[in-house]
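> A single structure is presented below for examination.
The values are calculated or read from the model by the stated rules, or taken from the named source; none is laboratory data. All values reported here derive from a predicted model rather than from experimental measurement. FYI the Cβ positions are ideal-geometry reconstructions off the backbone, even for glycines, and counts take in every protein chain you see. Note: accessible area is taken over every heavy atom of the protein model, side chains too, but ligands, DNA and RNA are not part of it. Shrake-Rupley method; radii C 1.70, N 1.55, O 1.52, S 1.80 Å.
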Protein chains: 2
Amino acid sequence: MPIKEADLARVRELPFLKAASEDTFRRLIQGAFLQRFPAGTTLLTEGDSVDFLYIVLDGTVELSGTWNDKETILALLGPLSTFILAAVVLDASALMSATTRDRSDILMISGETLRRVMHEDAAFSFAVSQELAGCYRGLVRSMKSQKLRGGIERLANYLITQRVRQGNAETITLPHEKRVLASLLGMTPENLSRAFASLADYGVVVNGPLVTIGRLVVLTRLAKPDALIDNHAPDDMRGRGKALLEAWPNQPERMTV
Amino acid sequence: MPIKEADLARVRELPFLKAASEDTFRRLIQGAFLQRFPAGTTLLTEGDSVDFLYIVLDGTVELSGTWNDKETILALLGPLSTFILAAVVLDASALMSATTRDRSDILMISGETLRRVMHEDAAFSFAVSQELAGCYRGLVRSMKSQKLRGGIERLANYLITQRVRQGNAETITLPHEKRVLASLLGMTPENLSRAFASLADYGVVVNGPLVTIGRLVVLTRLAKPDALIDNHAPDDMRGRGKALLEAWPNQPERMTV
DNA sequence: TTCCAGCCTTGATCTATGTCAGGGACGATG
DNA sequence: CATCGTCCCTGACATAGATCAAGGCTGGAA
């Protein structure tokens, strides 16, 4: 699948590629290729050695981990997210599996090339550090949410975050299947169902993938959102400006759970 | 407190500083200072803006997060660990609090200087990326452990990891108070106590801070350690060689919980 | 020495969460 | 249209984990 000019322009706007010199960018793109995958394709299995940096141009990718026949979703990535950057930088094997959830267009950049150009373009290298730092901080937030909050509270905060992202509409659309959301939030689908039921007392009405937050104040009092855990950066502020560089480094869809 | 030559030599061996040029290193050190803190000193509170990169030269530092009057320990750092690097790179505020557990000697490097020299020394910048990538992957491991395993399994794996670290001796010494360990492992002290009691059936004998693993095979069958979650890199292999750069990037004491 | 505070353990109890089983709604397919 | 599969919800139950209360141990301070 040929890489269109428009695609190039889009990825060029990614903070960590924006910082790259013309030459660096050209070299990164030269060995890159763009591929379309159907839903459900496994791009990478945990333990695999990693040869490419992946960039989601379209679709959704799920990052998951397994142990002892159990699986958990660690992140859900939408367009203009990169993934597996840490493994590429260290030339190490993947700690997570990556699977497409929808049909997805993925740009793949040679890891070897990436490491090489990093040694020659300090500004680019710095931007990669920022990208990684943002990923790290996203995970710290998730970890805090996971260890400090109960399931209902995690869900309540998820809903509030989605609400902000979706323009503060009273009714939001869940961007993923409920069982996927459950795994992301660290609970079983059954439990998520019950958690939604509990939230009825707080003005939350569920209708399939549509969730109406009737009394935001009440829900917020339960959720107790925290700037050091939750990341409410709205859609149209993502990926722009230093203040928000950290907020949604490269995973617009990654949820702080 | 003056910075001794011996201290400089030690930090120079840190992978991410080893990659720095003489000039870069000199500039980093010029504005740095070394300070001794008593046990229990708060170096940084979550939400604070971060002006320095911290390096533990001696002692122990605890990284913790709070929400709704609850607290959890996210990492425990021993000598030659850096911390708060991600916030420094992004010039963002801290997501975790940092507190000394023992009397500790801490080297503080100006964050502003660090960012500046990164723009001029690509090799150094790359090494910082590797450091951050290692931190990120450490957290991914923790997250998987937290979401996929139960408390007893987390403890069992912790013990096995410690055993490897402490030279495969049958009896290991817990490096921290049990209530601290409990928080790190994501459980209450009471529960940790009971978890230890359960492990008696698997040949684990506890005597204060001394833990004897009588039948490693039996314990291992319970723990099901996994190379993609647990990090068994022994003490004398830390911080050396590319293969292990990732393993214990900068937190020799950080536990994958 | 005596006293006290902090740490750890233990038992009883409660709550949150997981597991299992059943059934309804919906959409794809024949 | 009928059927099947998937997703989701719900109830009953089991288990893990948290909480509360009490008591033992130990090490430092008076």
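> Accessible area, 1.4 Å probe, largest first: how do A:D91, A:D7 sort?
The most accessible residue leads, giving A:D91, A:D7.
> Multiply the residue separation of B:E71 and B:E120 by 0.36 nm, subtract the distance between their alpha-carbon atoms, and state the gained length in nm to one decimal.
Working: separation 49, 0.36 × 49 = 17.64 nm, distance 3.95 nm.
Additional length available on full extension: 13.7 nm.
> May I ask you to list, by number, the DSSP H helices of chain B whose Cα span along the axis is at least 27 Å and whose average Kyte-Doolittle hydropathy reaches -0.5 or more?
Helices passing the filter in chain B: B:122-148.
> Can you list the distances in nanometres, one decimal and ascending, from the B:S198 label point to the identical position in each other copy, with the point 7 Å along Cα to Cβ?
Shortest to longest, the spacings are 2.2 nm.
> Using a label position 7 Å from Cα in the Cα→Cβ direction, what is the ascending list of nm distances from A:R215 to the same site in the other copies?
5.7
> Using heavy-atom solvent-accessible surface (probe 1.4 Å) with all chains present, what is the largest-first order of A:D201, B:D69? Show your work: numbers first, answer last.
Working: A:D201 115, B:D69 160 Å².
Putting A:D201, B:D69 in descending order of accessible area: B:D69, A:D201.
> Hey, for A:A6 with labels 7 Å out along Cα-Cβ, what do the inter-copy distances come to in nm, ordered shortest first?
So the distances to the same position in the other copies read 6.6 nm.
> About its Cα centre, what dipole magnitude does segment B:1-147 give when the only charges are +1 on Lys and Arg Cβ and -1 on Asp and Glu Cβ, stated in debye to the nearest 20? It would help to have the intermediate numbers written out before the result.
Details: 16 positive and 19 negative charges, 90 e Å.
The calculation lands at about 440 debye.
> Among B:144-153, B:17-26, what's the highest-first ranking by average C-beta atoms within 10 angstrom per residue?
The packing order, highest mean first, is B:144-153, B:17-26.
> Now, a different point. Need one number: nm distance between label points at A:R194 and B:S193, each 7 Å from Cα along Cα→Cβ, rounded to one decimal.
Distance between the two pseudo-spin positions: 2.8 nm.
> How much length, in nm to one decimal, is gained on full extension between B:S93 and B:T220, taken as 0.36 nm per residue of separation minus their Cα-Cα distance?
Details: separation 127, 0.36 × 127 = 45.72 nm, distance 4.05 nm.
Here the segment from B:S93 to B:T220 would lengthen by 41.7 nm.
> 7 Å from Cα along Cα→Cβ at both B:V206 and B:M108: what's the point-to-point distance in nm?
3.8
> For chain A, compute the number of Lys pairs whose alpha carbons are separated by less than 30 Å, excluding pairs fewer than 8 positions apart on the same chain.
14
> Another question about this same structure. Nearest 500 deg cm²/dmol is fine: what mean residue ellipticity at 222 nm does the protein assembly as shown get from its DSSP H runs of n ≥ 4 alone, each adding -39,500 (n - 2.57), divided by its residue count?
Numbers: 22 runs with 215 residues, N = 514.
Helix contribution divided over all residues of the protein assembly as shown: -12000 deg cm²/dmol.
> Across the residues of A:115-121, average count of Cβ atoms on other protein chains within 10 Å? Provide the component values of the computation, followed by the final result.
Values: counts 3, 0, 1, 6, 5, 3, 3.
Per residue, the average neighbour count from other chains is 3.
> Consider all pairwise Cα distances in the protein assembly as shown and report the whole-number % of them above 43 Å.
Roughly 14 percent, once rounded to a whole number.
> Let me ask something additional. Over the Cα atoms of segment A:1-149, what radius of gyration and what Dmax do you get, in Å?
In order Rg, Dmax, the Cα atoms of segment A:1-149 give 15.3, 47 Å.
> Which order, highest average first, do B:135-141, B:114-120, B:207-213 follow once you tally other Cβ atoms within 10 Å for each residue and take the mean per peptide?
B:135-141, B:114-120, B:207-213
> Another question, then. Dipole size in debye (nearest 20) for chain B around its Cα centre, Lys and Arg Cβ +1, Asp and Glu Cβ -1? Working shown, then result.
Working: 30 positive and 30 negative charges, 161 e Å.
Here the size comes out at about 780 debye.
> Between segment A:180-230 and segment B:1-67, how far is it from one alpha carbon centroid to the other, in angstrom?
About 41 Å separates the Cα centre of segment A:180-230 from the one of segment B:1-67.
> Within a 10 angstrom radius of each residue's Cβ in B:217-229, how many Cβ atoms of other chains show up on average? Whole number is fine.
Details: counts 0, 0, 0, 0, 0, 0, 0, 2, 1, 6, 4, 10, 5.
Counting other chains' Cβ atoms within 10 Å and averaging over B:217-229 gives 2.
> Still on this model: For chain A, set up a GNM with springs between Cα atoms under 10 Å and report which of A:G78, A:G59, A:G40 has the largest fluctuation.
Of A:G78, A:G59, A:G40, the Gaussian network model singles out A:G40 as fluctuating most.
> Across peptide A:45-56, how many C-beta atoms of other chains are within 10 Å of each residue C-beta, on average?
1
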